[in-house]
Amino acid sequence: MSNHTIDETAYSSLSRIVRENNWSVEETTQFLRGEFSNASRPNKALDPMRLYPHLDLVVQIAKVGIDVTWRGGPHPRRPPSKNHGSCRRYLRAVTRRLREGQDSGHYMVVDADILKQWPEGVCSPLGAVEKKDVDPAEEVRTIHDLSYPKNDSVNVAFVTDSVPKVRYKSVIVVAR
């Protein structure tokens, strides 16, 4: 099977399962992660014995996720917004990236009609950016445009103060 095509068997099978069980996005995600009511942690490899100063917060997030606060919106748009021109221009490479995400379990690919079952779903345009020293016909960086449309986007609606602040140390500091 070509890695420049979406796995049709996988997405049509998943779509059929979602339709037949009338699953929500959350229920579908739990199914794909192999989560059950008696073992719901998405990260089963998390070691709660480590002496990490924020261990309780990390374990809590792994168990139940983060309760994010949203301002009014974004509003689901039907039909979804069109993708950016860069997505069409590099369609082969974008499709390859989507297939990689589908195969790795990072992207949940379903039939478009599933959006009727998931009315809360917000579709953002997809774009592509060339990578340095790589043929863009083969490989690009995909961009999920969460800032579109300007006053009704995922980014505008998301209240950043509702989630823990993440601070990273430079690789140079960590390597010392």
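The values are calculated or read from the model by the stated rules, or taken from the named source; none is laboratory data. Computed from a predicted model, the values in this text were never measured in an experiment. Virtual Cβ from ideal backbone geometry, glycine too; neighbours counted across all protein chains shown.
Of all residues in the range 133-155, count the ones that are of a type in the set (A, V, I, L, M, F, W, C) and crowded, with 16+ Cβ neighbours inside 10 Å. Before the answer, list the steps.
Initial filter on the range 133-155 (of a type in the set (A, V, I, L, M, F, W, C)): 134, 137, 140, 143, 146, 154.
Filter again for crowded, with 16+ Cβ neighbours inside 10 Å, leaving 140, 143, 154.
The qualifying residues number 3.
Does residue 75 satisfy the criteria of being in contact (Cβ under 8 Å) with a residue 60 or more places away in the chain and either out of contact with any Ser or Thr (no Cβ under 8 Å at 6 or more places or on another chain) or within 26 Å of residue 16 (Cβ to Cβ) (or both)? Lay out the reasoning, then the answer.
Numbers: in contact (Cβ under 8 Å) with a residue 60 or more places away in the chain: yes; either out of contact with any Ser or Thr (no Cβ under 8 Å at 6 or more places or on another chain) or within 26 Å of residue 16 (Cβ to Cβ) (or both): yes.
It is true that residue 75 is in contact (Cβ under 8 Å) with a residue 60 or more places away in the chain and either out of contact with any Ser or Thr (no Cβ under 8 Å at 6 or more places or on another chain) or within 26 Å of residue 16 (Cβ to Cβ) (or both).
When both residues are 6+ apart or on different chains and their Cβ atoms are under 8 Å apart, which pairs have a first residue that lies in the range 2-27 and is free of Cβ contacts under 8 Å to residues at least 24 places away in the same chain, and a second that is exposed (fewer than 12 other Cβ atoms within 10 Å of the Cβ)?
Qualifying pairs under 8 Å: 27/21.
I'd like to know if the range 152-165 contains one or more residues that are modelled with pLDDT under 85, within 25 Å of residue 22 (Cα to Cα) and part of a helix (DSSP H, G or I).
no
Go through (1) in contact with a His (Cβ under 7 Å, 6 or more places away or on another chain); (2) farther than 27 Å from residue 150 by Cα one by one and return the number of the condition residue 95 breaks.
Only one criterion is unmet by residue 95, namely (2).
Against the conditions (1) within 30 Å of residue 72 (Cα to Cα); (2) exposed (fewer than 15 other Cβ atoms within 10 Å of the Cβ); (3) in contact with a Phe, Trp or Tyr (Cβ under 8 Å, 6 or more places away or on another chain), where does residue 112 fall short? Just the number, please.
Unmet for residue 112, out of (1) within 30 Å of residue 72 (Cα to Cα); (2) exposed (fewer than 15 other Cβ atoms within 10 Å of the Cβ); (3) in contact with a Phe, Trp or Tyr (Cβ under 8 Å, 6 or more places away or on another chain): (3).
Just the residues that are of a type outside the set (A, V, I, L, M) and over 17 Å from the mean Cα position of the chain (by Cα), please, taken from the range 53-69. Break it down into steps so the answer makes sense when it comes.
Within the range 53-69, the first condition is being of a type outside the set (A, V, I, L, M), and the residues that meet it are 53-54, 56, 60, 63, 65, 67, 69.
Scanning the range 53-69 gives 53, 54, 56, 60, 63, 69.
Okay, residues lined up against (1) of a type outside the set (Val, Ile, Thr); (2) under 18 Å from residue 157 (Cα atoms):
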{"site": "66", "(1), (2)": "no, yes"}
{"site": "73", "(1), (2)": "yes, yes"}
{"site": "79", "(1), (2)": "yes, no"}
{"site": "89", "(1), (2)": "yes, no"}
{"site": "95", "(1), (2)": "no, no"}
{"site": "99", "(1), (2)": "yes, no"}
{"site": "106", "(1), (2)": "yes, no"}
{"site": "112", "(1), (2)": "yes, no"}
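Go through (1) at pLDDT below 85; (2) touching a helix residue (DSSP H, G or I) at 6+ places or on another chain (Cβ under 8 Å) one by one and return the number of the condition residue 125 breaks.
Result: residue 125 fails condition (1) only.
Do we find that residue 142 is out of contact with any Pro (no Cβ under 6 Å at 6 or more places or on another chain), part of a helix (DSSP H, G or I), under 28 Å from residue 5 (Cα atoms) and of a type outside the set (Asp, Glu) in this structure? Before you say what the answer is, go through the steps one by one.
On the way: out of contact with any Pro (no Cβ under 6 Å at 6 or more places or on another chain): yes; part of a helix (DSSP H, G or I): no; under 28 Å from residue 5 (Cα atoms): yes; of a type outside the set (Asp, Glu): yes.
Judged against the criteria, residue 142 is not a match.
Give the residues of the range 27-59 that are modelled with pLDDT of 70 or more, out of contact with any helix residue (DSSP H, G or I) (no Cβ under 9 Å at 6 or more places or on another chain) and either exposed (fewer than 12 other Cβ atoms within 10 Å of the Cβ) or outside any helix (DSSP H, G or I) (or both), sorted by residue number.
Filtering the range 27-59 for residues modelled with pLDDT of 70 or more gives 27-35, 53-59.
So of that shortlist, the ones also out of contact with any helix residue (DSSP H, G or I) (no Cβ under 9 Å at 6 or more places or on another chain) come out as 29-30, 33-34, 53-59.
Of everything in the range 27-59, those that are modelled with pLDDT of 70 or more, out of contact with any helix residue (DSSP H, G or I) (no Cβ under 9 Å at 6 or more places or on another chain) and either exposed (fewer than 12 other Cβ atoms within 10 Å of the Cβ) or outside any helix (DSSP H, G or I) (or both) turn out to be 34, 53, 54, 56.
Listed residues 84, 106; which is within 30 Å of residue 55 (Cβ to Cβ) and out of contact with any Phe, Trp or Tyr (no Cβ under 7 Å at 6 or more places or on another chain)?
Numbers: 84 fails: within 30 Å of residue 55 (Cβ to Cβ).
Just one listed residue meets the conditions, 106.
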